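> Structure in structure tokens, see below.
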Amino acid sequence: MSKIAIWDRNAETMRRADIRALQLERLKHLVGYCINNVPFYYERLTKAGVTAEKIKTLSDVQYIPFTTKDDLRDHYPFGLFAVPMQKIARIHASSGTTGKPTVVGYTKNDLENWAQMVARITTAAGADDHTIVQIAFGYGMFTGALGLHYGLEKIGAAVVPCSSGNTEKQLMFMRDFKTNALVATPSYALYMAECAKESGYPMEQYHLRLGLLGSEGCTPEMRDRIEQGWGMFVTDNYGLSEVCGPGMSGECQLRCGLHINEDHFLCETINPQTLEVLPVGETGELVVTTLTKEAIPLLRYRTKDITKITEEPCACGRTTARMDKIKGRSDDMLKIRGVNVFPSQVESALVGMQKIGPHYQLIVRREGFADTLEVKVELVDGSVLEKFAELEAVQNEIKNRLRTVLGLSVKVTLAEPKSLERFTGKARRVIDLRNEH
Amino acid sequence: MIIKQLSIFVENKAGRMAEVTQILASNNIDIRALSIADTTDYGILRLIVNNPQKALDALKTASITVTLTGVIAIAIPDHPGGLARAIKVLSDRQISIEYMYAFLNPNNATAFVILRVEDNEKALQALQDGNIRIMKESEIYEI
Ligand SMILES: [Zn+2]
């Protein structure tokens, strides 16, 4: 690991008390700004009895109503903008898989802040002015490519705006330009590594050493495969287009959570069912308030992403709070006997078990008044068939792993290979039979 | 002489046994002996067939979880006490049997017993010393 560089020492190593004071000051201003400039917020906040004067402490944020993706859709395209079009410098949109896309705008200041935030997180990940970075996110309406583009330019990196696709050409540029950093989704980075191996050029001709991957989840197992495939160090970053795009948070080289740019964002976690605010350190749905956005400020935006936040100082020297890698979507969360269960947790518990396949299915039932969870996995290793004790040992190992991860006792069922349903798109691994009569 | 046995993982659902035997039949594989041990959810089917390697390949191709293991087959006279004597030969040398199953040879009045033990070599020696008839691979496959 190279020495630790910090892009904005002032913002990133501020004392916790100063961060909080700055957030409170900005939150108060933001509430007034929203009431005065966004009719939607004027109505909502008036109804809820919230004014800037009523925000006395940071925890008063809990009295502000949530904003959801539906609110953005309902006000398509510019209904939540707080500035006239003369002030808008750029417009992005995220594709809606259902319904209208969500549209976000940026003022000049918003773009400058965004680039600064990306400069911070890419510096934290290990990029600098020696970096030659290929951006293999699709350019266009998505925030990903342009967001990283301008932040990386700011730190002096040489930016190669390849966009996604045309992998052969990407690989040629990588070899010829001596590209040493890659911006891509984890799955595309992995695909590129496979193509590079097959294309016949020796891997020594590639110089990648840093991956700035994001825009989709990445399990530790996948990260390992990408790192082995390219021989590079992979970091994760996070940001929703609704709140700005990539740059909201990112991993430093110690990779112990994603540092949040707290001078621009106030983050909370809530219980997605009861909507109550959780104490710092508890896992729940991430809720984000944009503290400095001018074009489309959002109050308590529900991200639907599940994570937890820690305020412990990081060994890298940054004092900003860190969020965990996203654990899953709150829509996928199951509540079983009072315990929150995410399919991704089950997946992480099963990763690396040689005797079973990677596919699994969760079946939730109600027996009497208690919920039960059954996990079905495919047994692929025949060597355990000699003794029932060995088969039972496999079942018990899975059971113990799941109990450790979920804090819940589950029934483990071994199934035959290829007997569980396969999915080409988004996997539906949960069968919830509790509401069937 | 060590015989190859197939152990096959089957879920307890209707038709699975038939599917497995159908795969073997369509590959011209004959089952010589069969035993099934099951729990409520799944079972382990143990088979002695005339061509174990071919059977293994065919089952693996069909994505069935299967393994080959070495077992011992002995022949014992089909009358009371025959099996007891063979077991005593092993227990005298502290060789424990993990599982066993028997089948009758239709051609003469002998029973064949398949024995699964921890250490085949040690068990073979004990059986030889005890004058128990050990079946050759070819004998079993050609019944
Ligand atoms: Zn750090």
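> DSSP beta bridges in the protein assembly as shown, what fraction antiparallel, as a percent rounded to 5? Let's see the in-between values first.
Values: 75 of 98 bridges.
Antiparallel bridges: around 75 percent, rounded to the nearest 5.
> For B:R133, enumerate residues with amide H under 5 Å from its amide H, sequence gap 5+ or separate chain, H modeled in the peptide plane.
Here B:A75 satisfy the definition.
> Under 17 Å from a point 7 Å along the Cα-to-Cβ line of B:E121: which residues of segment B:57-93 have their amide N that close?
B:70-72
> Once you compute Rg and the Kirkwood Rh from C-alpha atoms, what is the Rg to Rh ratio for segment B:70-141? Display every interim value, and only then the final one.
On the way: Rg = 11.4 Å, Rh = 12.2 Å.
Rg/Rh: 0.93.
> Per residue of segment B:30-45, what does 6.51 cos²θ - 1.76 cosθ + 1.60 with θ = phi - 60° give for ³J(HN,Hα)? Whole Hz please, x for Gly and Pro, Karplus curve as stated.
9, 8, 9, 8, 8, 8, 10, 10, 9, 10, 5, 9, 8, x, 10, 9
> Straight distance only, please: which aspartates and glutamates reach the Cα of A:K293 with their own Cα at less than 14 Å, same-chain residues fewer than 8 apart left out?
Correct list for A:K293: A:D110, A:E112, A:E242, A:E262, A:D263.
> Which distance in Å, rounded to a whole number, links the C-alpha centroids of segment B:1-80 and segment A:386-400?
21 Å
> Among A:G317, A:V83, B:M1, flag the residue with its Cα farthest along the positive direction of the charge dipole of the protein assembly as shown, charges on Cβ as +1 for Lys/Arg and -1 for Asp/Glu.
A:V83
> Next up: Quick one: 3J(HN,Hα) in Hz for segment A:131-136, Karplus 6.51/-1.76/1.60 with θ = phi - 60°, rounded, Gly and Pro as x.
Rounded to whole hertz, the list is 6, 10, 10, 9, 9, 10.
> List the pairs from A:K387/B:K60; A:K169/B:K60; A:K197/B:K54 whose alpha-carbon separation is above 30 Å, in the order I gave them.
From the list (A:K387/B:K60; A:K169/B:K60; A:K197/B:K54), the Cα-Cα distance tops 30 Å for A:K169/B:K60; A:K197/B:K54.
> Something else: Report the charge-dipole magnitude of chain A in Debye, nearest 20, computed about the Cα centre from +1 at each Lys and Arg Cβ and -1 at each Asp and Glu Cβ.
On the way: 54 positive and 54 negative charges, 114 e Å.
Around 540 debye, computed over chain A.
> While we're here: Rounded to the nearest 500 deg cm²/dmol, what is the calculated helix-only ellipticity per residue at 222 nm for the protein assembly as shown, with -39500 (n - 2.57) per DSSP H run of length n ≥ 4?
-9500 deg cm²/dmol
> Convex hull over the Cα atoms of segment B:1-110, averaged projected area in nm²? Intermediate results must be reported in sequence, preceding the final value.
On the way: hull surface 33.4 nm².
Mean projected area of the Cα convex hull: 8.4 nm².
> Return the long-range amide H neighbours of A:A82 (sequence gap of 5 or more, or a different chain), with a cut-off of under 5 Å between placed amide H atoms.
A:I296
> Hey, another quick one. Find the relative contact order for chain B and round it to a whole percent, using C-alpha pairs within less than 8 Å whose residues are 6+ positions apart.
RCO, chain B: 28 percent.
> May I pose another question? When B:F112, A:F233, B:F9 are ordered from fewest to most other Cβ atoms inside 10 Å of their Cβ, what list results?
A:F233, B:F112, B:F9
> I want the local charge near A:H207. Using Cβ-Cβ distances under 13 Å, sum +1 for each Lys or Arg and -1 for each Asp or Glu among the other residues.
For residues surrounding A:H207, the net value is +1.
> Short version: ³J(HN,Hα) in whole Hz for each residue of segment B:80-96, in order, from phi by Karplus 6.51 cos²θ - 1.76 cosθ + 1.60 (θ = phi - 60°), x for Gly and Pro, what are they?
Per residue, the Karplus-derived 3J(HN,Hα) values read x, x, x, 6, 4, 5, 4, 5, 5, 4, 6, 5, 4, 9, 6, 9, 9 Hz.
Just so you know, all these numbers are worked out from the coordinates, no wet-lab data involved. A quick note: this is a predicted structure, and the numbers were derived from the prediction, not measured. As a convention, Cβ positions derive from the backbone with ideal geometry for all residues, glycine included, and neighbour counts pool all protein chains shown.
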